[in-house]
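Participant: I have a structure I would like to understand better, so I am pasting it below and will then ask my questions one at a time.
The values are calculated or read from the model by the stated rules, or taken from the named source; none is laboratory data. The model shown is predicted, which means the values in this text are computed figures rather than measured ones. Reconstructed Cβ throughout: ideal geometry from the backbone, glycine too, with neighbour counts over all protein chains shown. Only protein heavy atoms, including side chains, enter the accessible area calculation; ligands, DNA and RNA are left aside. Shrake-Rupley method; radii C 1.70, N 1.55, O 1.52, S 1.80 Å.
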Amino acid sequence: MRELENRLEDLDLAEKQALTYLHILPSQYEEEDYYRMNEVLNAKEEKDREVDPLVYIQKLKK
């Protein structure tokens, strides 16, 4: 489940970067929706997201 959430977060982050750095209008990127835009603007970088505890422990062991 967390993998799916991370993939969706990646898409949100891509949109956020397009809006911020490429100055693409939201209406050009997708149909404007207040709630969706709020999710996009709150997208977190991969390093700032929650991590599955088991995956984290496995990374520490390497």
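Participant: Can you work out the accessible area per residue across the chain, with the rest of the protein chains kept in place, probe 1.4 Å, in square angstrom?
Facilitator: Numbers: 5550 Å² over 62 residues.
Per-residue accessible area for the chain comes out at 90 Å².
Participant: A further question follows. Calculate the spin-label point distance for Leu60 paired with Ser27, positioning each point 7 Å from the Cα along the beta-carbon direction, and give it in nanometres.
Facilitator: Those two pseudo-labels are separated by 5.1 nm.
Participant: Using DSSP to call loops (not H, G, I, E or B), can you name the GluC sites (Glu not before Pro) in the chain whose Cβ has at most 13 other Cβ atoms within 10 angstrom?
Facilitator: Numbers: sites: Glu3, Glu5, Glu9, Glu15, Glu30, Glu31, Glu32, Glu39, Glu45, Glu46, Glu50; in loops: Glu30, Glu31, Glu32, Glu45, Glu50.
Answer by residue number: Glu30, Glu31, Glu32, Glu45, Glu50.
Participant: With an 8 Å Cα cut-off and a minimum separation of 6 or more residues, compute the relative contact order for the chain in percent. Display every interim value, and only then the final one.
Facilitator: Working: 24 pairs, mean separation 25.4, N = 62.
Result for the chain is 41 percent.
Participant: Tally up the carbon and sulfur contribution to the accessible surface of the chain as a whole percent, 1.4 Å probe, everything protein left in place. Please report the intermediate quantities before stating the final value.
Facilitator: Values: 3000 of 5550 Å².
Roughly 54 percent of what the probe reaches on the chain is carbon or sulfur.
Participant: Karplus couplings for the stretch 45-62 from phi (6.51 cos²θ - 1.76 cosθ + 1.60, θ = phi - 60°), rounded to Hz, Gly and Pro as x?
Facilitator: Rounded to whole hertz, the list is 4, 4, 5, 9, 8, 5, 10, 4, x, 5, 5, 4, 5, 5, 5, 5, 6, 6.
Participant: What area, in nm² and to one decimal, does the C-alpha convex hull of the chain cast on average over all directions? Could you put the intermediate results ahead of the total?
Facilitator: On the way: hull surface 20.3 nm².
So the mean shadow area of the Cα hull is 5.1 nm².
Participant: Taking the 0 to 90 degree range and rounding to the nearest ten, how far is the long axis of helix 2-21 tilted relative to the main principal axis of the chain, both from C-alpha atoms?
Facilitator: Its long axis makes an angle of about 40 degrees.
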